[in-house]
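The values are calculated or read from the model by the stated rules, or taken from the named source; none is laboratory data. The structure displayed is predicted, hence computed values, not measured ones. Here Cβ is always computed from backbone atoms with ideal geometry, including for glycine, and neighbour counts include all displayed protein chains. Just so you know, the surface numbers come from the protein's heavy atoms only, side chains and all, with ligands and any DNA or RNA stripped out. Shrake-Rupley method; radii C 1.70, N 1.55, O 1.52, S 1.80 Å.
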Amino acid sequence: MEHHGVNKEQYLAWKKLIPYLYDWFANHNLTWPSLSCRWGPVLDESPLSRRQQLYLSEQTDGSVPNKLLVVTAEVARPRVAAAEHITGWTEHAKSPHISHPSAVIYHPGEVNRLRELPSHPHLVATHTDSPLVFLWDVASQPRRSSAEPAGAGPPPPSLPDLTLSGHAADAPFALAASSAAPRLASGGKDAQVLVWDLGGAACLRGAGGPGADPGAASSAPPALAPTLRLLGSTDTVEDVAWLPGSDALLASVGDDRSLRGWDCRAGGAAYVVAAAHSAHDIHALDWSGGRPELVATGAADGSVRVWDVRRLSAGAPLLHLAHHAAAAACLEWSPAAAGALASGGEDGLLCLWDVEASGQAGAGEHQDAKRPRSAVPPQLVFQHAGHRSPVVDFQWNPADPWTLLSVSDDVGEQSGGGTLQLWRVSDLITRPEEEVLAELEYHRSAVLGVDGGKAVARTLGLLPDASPVYDAVWGLAMPMATALVLMEADMTRLFRAARDTLLAFLVASAATMLATLLAFALWQRCMGPHGASLASALCASYIGGSINFAATAAALQIPTGPALGAAMAADNVAMAGYIAALMAVPVPRRGRSLEVGAAGGPGLHGSSVLGDGTGPADVDVRHPGPASTPLSAASSLALAATAQLGLQLGITLLAATALRLPRRETLVAANAAVGGPGTAAAMAAARGWHDLVEPGVLAGTLGYAVGTAAGIAVSGVLRRGAALLA
């Protein structure tokens, strides 16, 4: 396979977004590449996870045997995994969610393709570089070691439970199993499609395989001739697919560039679409179970086409989807969501499509959705960019909707080997928009804040410091809302439009640092022995967010205890007054604001993602923060924090006026610096400044990047000043 480099900047950007895009994710480094992967049966389930078998191939360089491996994966249930659990991995490490192999089969030749029999999931068929197809009963095969065996010569390969013969040339890839009956279909370089009926095979009757000793010279697996030969293709058959639920209808594609439908009852072709992808070879094929009239094909040019088999007379596809920058190597329809299609490419991307988007497939019209690759086709729901090399195989989990297993061949990378990934898309992406908005509306008061009394109530212990609502808002709704706002934006246009807001943010950040110095000089004796460090942590929080508060507190070695808790409680109380003050600052009336959104497309309003903002936000949306400290400690720090923010607001407004920065942009930027991107977007939406929603989010996100450094820098100044005063 030709190696196509993956955009490393794109990969790094994807990695930062994992907590926002995925409900669960696991990355597992493979010592040797795996060219094929499949889900096996579920072994057991618990309230938090399920254990499920995986079938993997292992392609070696010949120094050790090629293998078929059976491993066990622990798959977290939806909305269980915390963000830190799906981000704490490295590319070259093994995942704790993947077990050591429980079964190892030494395969005769490399495994190019493997497919399980849905009616007998312990039976796995494999393709290699030979005319034969092998059938393995992974439950009864003799156990062999996954380590390189000791001894002088190479170990003998395992003996398959059944050998399927009939091809006149190598059959390396095209392989499919019917879900309706124990039937296998295969295509090869002999341009034939062969079908075997396995109903009478001994391994299906539980009679066992050829024997337990793979080294016995007399052992020989039974062979089975094909039940049916389907002729008509003129070049290598690259892929075959059964209609789900049928043992009679299947389709094939190949290097003759045709799409062919076959009826096994008639023993011949039911339809032929010549040049289905013009002059390009066709690599991949799948038939939809949820929409049985739809067949998808993927070609060497990266295009994916969807065909309505009832309307092939015109020779035109129902949809033409262009997004992959290299060959589309594999396709599969979702077994759970009708109209959901996945495509894996040699560009390292795995794309999830909704062919029913905009009603195009449901309308039954032959429409061409092709767009420039710089644009996003309307049917593209999700783009998994976690593989740094070509995606060679994947599968939807039949037991867990929107959970997938994918592998890439990393031989072109410096580390070599391969990468196995298991992942589930966040349901905020896959669920209907009205459901997502209803859930966010349920948490709207927590996202936007309600009134200052609630922040004080948490400080006094009248409201809980932690609750499932907090977890849903801070761990799910707010990060997702921020990511959606920025992902939907035209960044070039946004940076131009946000110029004044970003300048005002820099002014507000500098004002925070200066206000911290002044407030500490006034309130030093009331802030305790860790006053300089606490003031610096608050400074970091009022430029970035709670993550900057925590990072600065850790860097300055503030001990966990009443002082730190009091500072977090003071943060909440001071924030309430500050944002209320921002909402009260008058602004000269201007013309009607522009709606926010990508140029030429529907806008994504801050109000639609974060709520409609009917009142001032008054809590720090970056963290609900524990506030269970004594009121005396909290009140002293609350007064100091209030003075700090009061000075900051005054300095910001004076400096912005001197620099002739617009008042609207100044207020949003001040909110972004002190309250974070969530409150900035909420205030912009609440005051009708919809064109400042995205600039506010951008400025607040910038604060996360610089807040910790600013807090530590201020700490150095405060400590030197305190030493001089002492």
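Residues in the stretch 330-344 that are touching a Gly at 6+ places or on another chain (Cβ under 6 Å) and part of a strand (DSSP E or B): 3 in all. Scanning the stretch 108-125 for residues that are more than 21 Å from Val42 (Cα to Cα) and either open to solvent by less than 10 Å² (accessible area, probe 1.4 Å) or under 32 Å from the mean Cα position of the chain (by Cα) (or both) turns up Glu110, Val111, Asn112, Arg113.
Scanning the stretch 45-95 for residues that are basic (Lys, Arg), outside any strand (DSSP E or B) and more than 23 Å from Ser34 (Cα to Cα) gives Arg77, Arg79. Scan the stretch 244-253 and tell me whether some residue there is open to solvent by 10 Å² or more (accessible area, probe 1.4 Å), farther than 27 Å from Leu405 by Cβ and within 33 Å of the chain's Cα centre (by Cα). Checking the stretch 244-253: not a single residue is open to solvent by 10 Å² or more (accessible area, probe 1.4 Å), farther than 27 Å from Leu405 by Cβ and within 33 Å of the chain's Cα centre (by Cα).
Each row is one residue, and each column tells you yes or no for (1) touching a residue at least 24 places away in the same chain (Cβ under 8 Å); (2) open to solvent by 70 Å² or more (accessible area, probe 1.4 Å); (3) touching a helix residue (DSSP H, G or I) at 6+ places or on another chain (Cβ under 6 Å).
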position: Pro47; (1), (2), (3): yes, yes, no
position: Gln52; (1), (2), (3): yes, no, no
position: Val70; (1), (2), (3): yes, no, no
position: Arg77; (1), (2), (3): yes, no, no
position: Val80; (1), (2), (3): yes, no, no
position: Glu84; (1), (2), (3): no, yes, no
position: Glu91; (1), (2), (3): yes, no, no
position: Ser95; (1), (2), (3): yes, no, no
position: Ser99; (1), (2), (3): yes, no, no
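Close contacts from the stretch 162-178, counting a first residue that is closer than 19 Å to Asp286 by Cβ and a second that is open to solvent by 10 Å² or more (accessible area, probe 1.4 Å) and aromatic (Phe, Trp, Tyr), with Cβ to Cβ under 8 Å and a gap of 6+ residues or different chains, come to Ala176/Trp242; Ala177/Trp242; Ser178/Trp242. Residues in the stretch 403-449 that are at pLDDT 75 or above and among the hydrophobic types (A, V, I, L, M, F, W, C): Leu404, Leu405, Val407, Leu420, Leu422, Trp423, Val425, Leu428, Ile429, Val436, Leu437, Ala438.
Which of the residues belonging to the stretch 673-726 are of a type in the set (Lys, Arg) and in contact with a Leu (Cβ under 9 Å, 6 or more places away or on another chain)?
Just the residues of the stretch 673-726 that are of a type in the set (Lys, Arg), to begin with: 687, 719-720.
The answer is Arg687, and nothing else.
Test Leu285 against the criterion of being at pLDDT 95 or above, surrounded by fewer than 24 Cβ atoms within 10 Å (Cβ to Cβ) and closer than 28 Å to Asp410 by Cα, and give yes or no. Against the criterion (at pLDDT 95 or above, surrounded by fewer than 24 Cβ atoms within 10 Å (Cβ to Cβ) and closer than 28 Å to Asp410 by Cα), Leu285 does not qualify.
Can you pull out every residue in the stretch 306-323 that is of a type in the set (A, V, I, L, M), surrounded by fewer than 23 Cβ atoms within 10 Å (Cβ to Cβ) and in a loop (DSSP other than H, G, I, E, B)? Let's see the steps before the verdict.
The initial filter retains those residues of the stretch 306-323 that are of a type in the set (A, V, I, L, M), namely 306, 309, 312, 314, 316, 318-319, 321-322.
Narrowing further to those that are surrounded by fewer than 23 Cβ atoms within 10 Å (Cβ to Cβ): 309, 312, 314, 316, 322.
Selection gives Val309, Leu312, Ala314, Ala316.
Ala326: over 22 Å from the mean Cα position of the chain (by Cα), more than 17 Å from Pro398 (Cβ to Cβ) and open to solvent by less than 20 Å² (accessible area, probe 1.4 Å), yes or no? Criteria not met by Ala326. Looking at the structure I just gave you, is Glu665 under 25 Å from the mean Cα position of the chain (by Cα), among the acidic types (Asp, Glu) and open to solvent by less than 40 Å² (accessible area, probe 1.4 Å)? Criteria not met by Glu665.
The test for being at pLDDT 80 or above, more than 18 Å from Glu433 (Cβ to Cβ) and surrounded by 15 or more Cβ atoms within 10 Å (Cβ to Cβ) holds for Trp333. Within the stretch 337-357, the set of residues being among the hydrophobic types (A, V, I, L, M, F, W, C), in contact with an Asp or Glu (Cβ under 9 Å, 6 or more places away or on another chain) and within 15 Å of Phe394 (Cβ to Cβ) comprises Ala340, Leu341, Ala342.
The condition (being in the same structural domain as Trp523 (by the TED database), open to solvent by 10 Å² or more (accessible area, probe 1.4 Å) and either more than 30 Å from the chain's Cα centre (by Cα) or among the charged types (D, E, K, R) (or both)) is satisfied by just one residue among Ala705, Ala656, Ala670, Ala686: Ala686.
From the list Ala640, Ala685, Ala669, pick out the single residue that is among the hydrophobic types (A, V, I, L, M, F, W, C), closer than 17 Å to Ala540 by Cα and modelled with pLDDT under 85. Write out each step before concluding.
Values: Ala685 fails: closer than 17 Å to Ala540 by Cα; Ala669 fails: modelled with pLDDT under 85.
So the residue among Ala640, Ala685, Ala669 that is among the hydrophobic types (A, V, I, L, M, F, W, C), closer than 17 Å to Ala540 by Cα and modelled with pLDDT under 85 is Ala640.
Output the residues belonging to the stretch 285-305 that are of a type in the set (Lys, Arg) and part of a strand (DSSP E or B). Before the answer, list the steps.
Of all residues in the stretch 285-305, those of a type in the set (Lys, Arg) come to 291, 305.
Residue satisfying the conditions is Arg305 alone.
Whenever a residue of the stretch 218-244 is at positive phi, its partners that are basic (Lys, Arg), lying with C-beta atoms within less than 7 angstrom and at least six residues away or across chains, give the pairs Gly232/Arg260.
Annotation: Leu184 fulfils all but one of (1) of a type outside the set (Asp, Glu); (2) under 38 Å from the mean Cα position of the chain (by Cα); (3) assigned to a loop (DSSP other than H, G, I, E, B); the unmet one is (3). Restricting attention to the stretch 499-546, the residues that are open to solvent by 20 Å² or more (accessible area, probe 1.4 Å) and among the small types (Gly, Ala, Ser) add up to 4.
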